[in-house]
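The values are calculated or read from the model by the stated rules, or taken from the named source; none is laboratory data. Worth saying up front: this structure is predicted, and the values here are computed from it rather than measured. Cβ placement follows ideal geometry from the backbone for every residue including glycine, while neighbour counts extend to all protein chains displayed.
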Amino acid sequence: MTSIDCRPRWHWLLPTLVSVILFSSAGTIACECYGIITVEIENRTDQKVAVYRDDTRLDVVDPGRSESASVERFEGTKTFTVKTLDGRTLTSRTFTWEEIRKKGGIKIVVEE
C-alpha cells in the first residue's frame, strides 16, 4: 500500500517571501534612483477635486479619498494646484526637485 503525504509544504514559503520583499524594496529604491517620486493628494473635502501640475491636469480625487501621481525629475520648480471642478483654487504649493527628493515624496492634504 502506498502512503501519500498530505502535510503542507512550507519549505517554499520562506524563499518566496524573501524574494517578494527584496523585489519590492528594489523597486522603491530604483524609482528614486531613476528620478521618479510620488506625490499624494488627500481630499478631505466633501466634493471632487482636480489636481494640476503646473497647467496640466493629473487626476480627479473623490471626496474622502487619496490619489498618487508619479513625478519625474525636473529642473526649476513645479506647482501643484488643487481646484474644485468649477475652477476654484483650494491650495497651491510649489516645490523644487530637491525638496521633494529630500522628503521622499510629498503629500498635500486638501481641506475646506
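Across the range 56-65, a minimum of one residue is classified as over 18 Å from Glu112 (Cα atoms) and under 14 Å from the mean Cα position of the chain (by Cα).
Considering Thr79, Thr56, Thr89, Thr96, the condition of being surrounded by 13 or more Cβ atoms within 10 Å (Cβ to Cβ) and either modelled with pLDDT of 90 or more or touching a strand residue (DSSP E or B) at 6+ places or on another chain (Cβ under 7 Å) (or both) is satisfied by Thr96 alone. Filtering the range 99-109 to residues that are under 14 Å from Ser68 (Cβ atoms) and surrounded by 12 or more Cβ atoms within 10 Å (Cβ to Cβ) leaves Ile100, Gly105, Ile106, Lys107, Ile108, Val109.
Which of the residues spanning the range 83-112 are of a type in the set (D, E, K, R) and outside any loop (DSSP other than H, G, I, E, B)? Walk me through how you get there before you give the answer.
Here is the first cut: in the range 83-112, the ones of a type in the set (D, E, K, R) are 83, 86, 88, 93, 98-99, 101-103, 107, 111-112.
Across the range 83-112, the qualifying residues are Lys83, Arg93, Glu98, Glu99, Arg101, Lys102, Lys103, Lys107.
If you go through the range 59-76 and keep only what is at pLDDT 90 or above, assigned to a strand (DSSP E or B) and hydrophobic (A, V, I, L, M, F, W, C), you end up with Val60, Val61. Taking the conditions exactly as written (acidic (Asp, Glu) and either at pLDDT below 90 or surrounded by fewer than 10 Cβ atoms within 10 Å (Cβ to Cβ) (or both)), does Glu112 satisfy them or not? Answer is yes for this residue. As a summary of the residue check, Ile36 satisfies the conditions (1) aliphatic (A, V, I, L, M); (2) touching a helix residue (DSSP H, G or I) at 6+ places or on another chain (Cβ under 9 Å); (3) crowded, with 16+ Cβ neighbours inside 10 Å except for the one numbered (3). With the checklist (1) modelled with pLDDT under 90; (2) touching a strand residue (DSSP E or B) at 6+ places or on another chain (Cβ under 7 Å) in hand, flag the one item Gly104 doesn't pass. Single failed check for Gly104: (2).
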